[in-house]
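Single-structure report; data block below.
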Amino acid sequence: MTKSRHCKNLGHVVVKNSTLDTNLQAAGNLFTRLNSLSLHDRSNNSGSSNPQLAEEMPIRRKRSSPTMEESRSKRPKYSQARRCPSSGSELFNGKQCIAWFHEYTGPDEDTLGPDGMEKFCEDIGVEPENIVMLSLAYTLDAKSMGFFTLAEWLKGMTELQCDSVSKIRQKLEYLRNLLDDSVQFKNIYRYAFDFARDKDQRSMDMDTAKAMLTLLLGRKWPLFTSFHQYLDQSKYKVINKDQWCNILEFSRSIAPDLSNYDEDGAWPVLLDEFVDWYRDQRQMLS
């Protein structure tokens, strides 16, 4: 059955054959707008030199941290089933791991917040917006961007077998390599939607969505530059989870020339409209 489409007035925008780097520069403006909503104004305190935008996460808008009761109620039971390869001969020490956590919180606090996160990132030599922090958050199964609960910390650090700064530094390459594995990348991509969206909303606002898509797909999808331009001029203000997941599947299964695109397929209308828009731009340029 032919799928219905929304009426649209996309206009006749002349699309330049811009490079990915040009699109990433535009994403830099997006990050700047998101940074203005951050808990911390990092504009005068950037310790890195020329970080690549395609490897940075948008800084999160203010949200309340999980309560002590919520944190304690989610303490997990640990198994020995799933752990990453050990990088040293020293055994993991749970008490030492907890003491390490409290170096970034008060002694009785169960949540590591933005201040502690900044200090933690400084200790391990990684900017908070670096994509490796998304991989770490996924390993910890963290629920909120900018926060780690003690339960999440213990779960992830037990899996990583890390109870100190020196050990987690040795695992950074492992965490980056997760993003190069197609199955793990898909899991991290899906996780990123709930991680980055405002928890009182079912969808992700468009600015955050474009920033996260740039982070995750900017250097992987040949059509990403065009898709980003399409989102810039589209009527959509939010991205829902079905659309989010299908964007990844579309980027993996549809050829860059759209030769295998089926207009009667089961793609969301957002992607059907992108195909129409993209073909219109190509026709105007031909």
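Per-residue answers, yes or no, for (1) crowded, with 20+ Cβ neighbours inside 10 Å; (2) of a type in the set (A, V, I, L, M):
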residue	(1), (2)
F120	yes, no
S144	yes, no
L150	yes, yes
Y174	no, no
For segment 248-286, name all the residues that are among the acidic types (D, E), in a loop (DSSP other than H, G, I, E, B) and closer than 21 Å to L217 by Cα. D257
Here are the criteria: (1) under 22 Å from I239 (Cα atoms); (2) of a type in the set (G, A, S); (3) assigned to a helix (DSSP H, G or I). Tell me which single one A142 does not satisfy. (3)
Y230, sole failed condition from (1) of a type outside the set (D, E, K, R); (2) part of a loop (DSSP other than H, G, I, E, B); (3) within 23 Å of the chain's Cα centre (by Cα): (2)
Counting only residues that are modelled with pLDDT under 95 and within 18 Å of K241 (Cβ to Cβ), segment 253-276 contains a total of 1
Hey, among the residues in segment 122-142 that are at pLDDT below 95 and either open to solvent by 30 Å² or more (accessible area, probe 1.4 Å) or over 27 Å from A211 (Cβ atoms) (or both), which one's farthest from the chain's Cα centre (by Cα)? E127
Under 17 Å from E159 (Cβ atoms) and among the small types (G, A, S): is that true of G125 in this structure? no
What are the residue pairs meeting all of these: first residue in segment 165-181, first residue within 16 Å of F101 (Cβ to Cβ), second residue aromatic (F, W, Y) and open to solvent by less than 20 Å² (accessible area, probe 1.4 Å), Cβ atoms under 8 Å, and 6 or more apart or on different chains? V165/W100
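The values are calculated or read from the model by the stated rules, or taken from the named source; none is laboratory data. Keep in mind it's a predicted model, so treat the numbers as computed, not measured. All Cβ positions, even for glycine, are placed from backbone atoms using ideal geometry, and neighbour counts span all protein chains on display. Each accessible area value is taken on the protein alone, full model and side chains, heavy atoms only, with ligands, DNA and RNA left out. Shrake-Rupley method; radii C 1.70, N 1.55, O 1.52, S 1.80 Å.
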